[in-house]
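Just below is one structure, and these are the notes that go with it.
Please treat every number below as a calculation from the coordinates, not as lab data. No experiment lies behind these values; they were computed from the predicted model shown. Because the Cβ atoms are built from the backbone with ideal geometry, glycine has one as well, and the counts that use them run over all protein chains shown.
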Amino acid sequence: MKGRLAAAFATGVSIPMIAAMAALPRHGSPDQPIHTHVARHYIEQAPESANLVTQVLLDYRGMDTFGEVVVIFAALVAVLVLRARGERPLPAPSPSPIVGFIVRLVTPFFALFAFHVILTGHEAPGGGLQGAAILGGLVLMNGIVFGPERARAFLPTRALPWLQGAGPLAFLAAGILGGITTGFALGYPAHLPVLHEAMLVGVELGIGIGGAVIFSRLYLAMEA
Amino acid sequence: MTPHWLPVLIAIPIAGGVLAPVFSRRTASVWGLGVLAATLGVALGLTGLLADGVISYPMGGWPVPFGIELRFDVLSAFATAVALISALAIWFSSGSQGRVTSPEGIAVLLLCAGGMVGFLLAADYFTLFVFLEILSISAYGMVAMSDERGAGIAAFRYLLMGAAASIVILLSVGLLYTLTGSLNMGDVRLRLPDGGLPLYLALGGFTAGFLLKAAAFPLHVWLPDAHATAPSAVSAILSGLVVKMGVIGLLRTPGLDQLHELLLWIGAASLLGGALFALVQDDLKRLLAYSTVSNIGLIVLGLALHRTGATIHILNHAVVKAALFLAAGAFIHRAGSRALEGIGRSMPVTTAAFAVGAMAVIGIPPTAGFTGKWLVTLGALHAGRPVFAVILLLSSLILALCYARFLVALAFRPARADIREAPVRMLVPILLLVALSLVLGLVGGRLAEFVGF
Amino acid sequence: MSPLLENLDYVATTILFCIGLWTLIADSNLIKKVMGLNIMETAVFAFIVTSGMIEGGDAPITGPGAELPFMSPIPHALVLTGIVVAVSTTAVALALLLRVHREHGTLDIDELRGRW
Amino acid sequence: MNELFDLVLLGLLVLTALAVARSRDLAGAAILFAAYSLTLCLLWQHRGAPDVALTEAAVGAGVTTFLFLVVIARTSE
């Protein structure tokens with residue numbers, strides 16, 4: 001009975017939504033407000049080779065990405081604080097030799113690709129967060145195949161509380177540095193191209209490494 | 001106090017939260033108090049600047065529609081209450097061995113405060129959504145900080161409904177972006193079409209989402225379990241501050257005036273429904289939780305009838321409800337269980353503070369609760385809708401009955417021998433908040449001019 | 001073409017949204033409810049990215065071989081942040097489920113409701 | 001040709017979403033959810049949103065599905 005009631009409610013909700021979606025400006029038409037207002041300005045100002053999405057993420061709307069990095073940090077500390085104490089660890093899985101060998105073989109290349117994604121984020125598709133997810137995914141893969149202890153071996157124990165905050169801390173540094181050089185927080189100095197590039201890559205690295213540590217600890221908090 | 005303090009005001013609590021896990025359990029609470037004291041200082045400084053107009057700050061130096069803008073207006077001044085009540089909640093629970101004072105617990109509290117401050121300062125709809133998520137995820141974690149059996153499922157239910165509300169709000173932000181091509185609040189209002197189905201869907205999405213976050217009737221079902229099973233210091237933050245973010249989100253919605261009638265009836269339903277449900281509760285914290293639903297109803301009603309009165313009640317109710325929840329925490333701490341009959345006699349100071357807080361929630365002058373209720377009642381009479389004035393009076397009477405019944409059970413039953421007065425670290429925050437509620441009550445008139453919508 | 005067909009992509013995202021909403025409400029297993037929440041979230045992200053599209057547009061990356069018109073980069077940035085928010089909410093939800101399972105031994109909402 | 005490929009992907013997307021919604025077996029639902037994310041990733045890659053595609057694959061199909069599988073494993077024994 002509840003299923004049919006929920007289905008009725010969901011279709012009831014969908015009717016005004018579909019009507020409103022149909023009334024939106026024609027999908028993909030070049031003269032709708034999206035393409036003629038702020039976005040047109042960003043595209044016109046774009047340098048000759050740059051990933052506009054990363055530019056929007058870090059430069060024009062840096063505050064959103066700062067918030068995003070803080071959101072995932074908040075998720076980590078929330079998970080750490082609400083854990084039931086005394087989890088019973090599952091017995092470490094014994095992987096089949098094929099799976100074990102493949103994972104060991106792939107791990108360094110995974111890490112290389114992740115750092116490539118992080119470092120070239122401002123010119124090619126990719127960026128700090130995608131790299132973090134790949135690195136985190138790598139640790140998760142090792143954790144599932146070889147057991148949580150192996151995954152924990154990836155993480156340095158002493159520097160952990162600092163490393164997991166790398167994302168927000170990198171943004172705070174960029175904010176202060178931007179404030180000094182351009183007079184506005186989170187501003188990237190166009191007149192100092194070397195510093196501009198260094199800040200971009202620095203923030204990407206902070207997000208990448210910080211994010212990877214957070215994804216790994218989220219998995220470890222659930223597993224062990 | 002140049003506008004550069006706006007990003008600093010957001011950065012301090014968030015940086016504090018990010019660094020909190022580095023500290024040990026003993027020093028984490030001290031770090032939390034220090035960070036929130038700094039936040040309070042900056043917020044007070046900026047509030048002082050408000051006299052000569054709203055402060056705006058373009059992040060990254062990009063002019064308004066192209067970058068993210070932070071604005072400090074009358075509603076943002078609520079950041080002072082956020083910093084103060086969060087700090088008092090940490091002070092209240094310092095020294096206890098629970099999860100609240102663990103390094104991760106202090107990190108969650110600071111991030112929740114930082115999320116709320118960011119939410120109050122955001123003048124960009126997507127930044128508003130991101131900070132709404134920061135404070136919401138921290139709030140889900142805070143509810144689950146208690147060791148009670150029901151805390152897990154209460155926090156999960158709060159999360160499911162809260163996340164659904166957030167995603168509807170994001171859908172509305174996406175719709176506004178499709179219609180106007182911009183995300184800045186001022187710019188969007190200028191470029192909005194006059195009508196059309198997409199605009200009404202966006203408006204409906206915002207309203208439904210924020211009403212759920214504010215726990216207005218009938219979307220309040222997650223609140224009683226969450227606020228009753230959370231630790232008392234956390235309940236003070238949730239009921240006093242987090243729930244208010246939903247109402248402030250409503251005030252940020254473009255075209256809210258078109259929903260005049262809807263706000264009237266939802267407000268009245270919450271006002272009366274909250275009070276009636278409170279009547280049948282036997283557990284003190286569930287009574288306080290339903291009293292919050294009722295007061296949120298008053299604020300939502302006020303949005304339609306007397307916006308200044310509603311805004312003042314946001315601040316007054318935050319202070320008063322925080323005091324009541326902390327007092328409840330002190331009672332439960334000393335009684336060791338939720339059965340609180342007869343412990344009032346051996347805890348005179350806490351009981352007196354609770355009584356004053358109860359008077360304020362009911363709205364008896366000269367306490368803080370009276371100003372908001374009086375202005376909204378005037379608004380109802382001015383608008384020629386006396387039925388709402390009657391509902392206001394009726395709900396106040398019902399709430400008065402609930403609190404009186406509880407106070408009688410607390411103070412006039414045979415005293416229990418083994419109860420001592422609450423420890424100083426609990427009493428000082430409670431008395432500070434009660435004193436503040438009296439001051440706010442006395443200075444109500446001037447506050448109305450300061451807000452002056 | 002009728003507006004419904006022109007904006008078929010938007011309508012498709014709405015259908016996804018309602019499938020997610022239906023799962024969130026109707027399914028009795030708490031993990032399935034979280035999956036329903038994720039489907040709702042990805043549906044809204046789909047709507048936002050689709051709204052930024054332009055006919056014959058190229059990926060918003062300037063460089064050799066890229067030519068106008070470009071997709072609007074802003075929806076992509078918004079959805080990147082949205083996806084992170086979605087995974088954070090899911091992580092907290094699943095951690096809560098582990099605790100509910102330890103305390104109550106079940107993740108079925110009907111059994112849980114009986115036990116309150 | 002372009003439009004047809006989009007329509008097929010959209011159809012596949014709705015089908016996998018329905019499959020996730022209706023499947024009773026939890027692990028199966030998690031795998032179907034990974035398929036749903038990968039279909040979404042394909043859609044974005046084809047429609048000129050490479051960043052979103054990479055993120056949806058790495059975070060949606062990768063981390064989220066891992067977390068689902070870990071929790072399903074822990075709560076089913």
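Quick one: putting +1 on the C-beta of Lys and Arg, -1 on the C-beta of Asp and Glu, what dipole do you get for chain D around its Cα centre, in Debye to the nearest 20? Walk me through the numbers on the way to the answer.
Numbers: 4 positive and 6 negative charges, 44 e Å.
About 220 debye.
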Taking Cα pairs under 8 Å and at least six residues apart, what relative contact order does region B:256-453 come out at, in percent? 30
Return the average number of partner chain Cβ atoms within 10 angstrom of each residue Cβ along peptide A:137-149. 2
Farthest positive-ward along the protein assembly as shown dipole, Cα basis, beta-carbon charges - from B:PRO198, A:ALA50, B:ALA89: B:ALA89
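If you place +1 on the Cβ of every Lys and Arg and -1 on the Cβ of every Asp and Glu, how big does the dipole about the Cα centre of region B:256-453 come out, in debye to the nearest 20? Provide the component values of the computation, followed by the final result.
Values: 15 positive and 8 negative charges, 90 e Å.
That gives region B:256-453 a dipole magnitude of about 440 debye.
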For a Förster distance of 22 Å, can you work out the FRET efficiency between the beta-carbons of A:ALA153 and A:PHE113, rounded to the nearest 0.05? 0.60
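Evaluate the relative contact order of region D:2-76 (contact order divided by residue number), counting alpha-carbon pairs under 8 angstrom at least 6 apart; express in whole percent.
Working: 60 pairs, mean separation 21.8, N = 75.
With pairs under 8 Å counted, the relative contact order is 29 percent.
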Quick one: Karplus J couplings for region B:172-188, per residue in order, coefficients 6.51, -1.76, 1.60, θ = phi - 60°, nearest Hz, x for Gly and Pro? 5, 4, x, 5, 4, 5, 5, 6, 10, x, 9, 10, 5, 4, x, 5, 5
How high is the FRET efficiency between C:GLU67 and B:ALA37 when r is their beta carbon distance and R₀ equals 41 Å, given to the nearest 0.05? 0.15
State, to one decimal in nm, how far the label point of B:LEU438 lies from the label point of B:ARG149, with both points 7 Å from Cα in the Cβ direction. 4.3
Within the protein assembly as shown, count lysine pairs with alpha carbon atoms under 19 angstrom apart where the residues are 8 or more positions apart or belong to different chains. 9
Find which of B:PRO423, B:TRP374, B:LEU436 sits farthest along the positive direction of the dipole of region B:359-453, computed with +1 on the beta-carbon of Lys and Arg, -1 on that of Asp and Glu, about the Cα centre. B:PRO423
Prolate/oblate/rounded call for chain C, Cα gyration tensor, a/c under 1.5 rounded: oblate
Return the sequence-ordered ³J(HN,Hα) values of region B:31-40 in whole Hz as given by the Karplus equation 6.51 cos²θ - 1.76 cosθ + 1.60 applied to θ = phi - 60°, using x for Gly and Pro. 4, x, 4, x, 4, 6, 5, 4, 4, 4
7 Å from Cα along Cα→Cβ at both B:GLU261 and A:VAL99: what's the point-to-point distance in nm? 6.1
Test item: A:7-15 mean partner chain Cβ contacts at 10 Å: 5
For a quick check, take a GNM of chain A with Cα springs below 10 Å and name the residue from A:ALA92, A:ALA39, A:ALA50 with the largest mean-square fluctuation. A:ALA39
Please work out the C-alpha center-to-center distance from region B:215-294 to region A:14-56 and express it in whole Å. 37
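Run the dipole for the protein assembly as shown about the Cα centre, Lys and Arg Cβ at +1, Asp and Glu Cβ at -1, nothing else charged, and hand back the magnitude in debye, nearest 20. Could you put the intermediate results ahead of the total?
Numbers: 49 positive and 48 negative charges, 667 e Å.
That gives a dipole near 3200 debye.
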For region D:2-76, rounded, prolate or oblate, judged on the Cα gyration tensor with a ≥ b ≥ c (square roots of eigenvalues), a/c < 1.5 rounded, else prolate if a/b > b/c? oblate
Rounded, prolate or oblate for region B:172-227? Axes are the square roots of the Cα gyration tensor eigenvalues, ordered a ≥ b ≥ c, and the cut-off for rounded is a/c under 1.5. prolate
Average partner chain C-beta neighbours within 10 Å, per residue of B:102-109? 5
Neighbourhood charge, 14 Å Cβ-Cβ cut-off, centred on B:GLY115 and excluding it, Lys, Arg +1 and Asp, Glu -1: -1
Taking the dipole of chain B about the Cα centre (Lys, Arg +1; Asp, Glu -1; charges at Cβ), the one of B:PRO13, B:ALA304, B:GLY98 that reaches farthest to the positive side is B:GLY98
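Would you work out the relative contact order for region A:50-223, in percent, from Cα pairs under 8 angstrom that are 6 or more residues apart?
Reported relative contact order: 31 percent.
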A:ILE15 to B:ALA417: FRET efficiency via 1/(1 + (r/R0)^6), r the Cβ-Cβ distance, R0 51 Å, to the nearest 0.05? 0.20
With each label point set 7 Å from Cα along the Cα-Cβ vector, what nm distance links A:THR36 and A:GLU197? 3.9
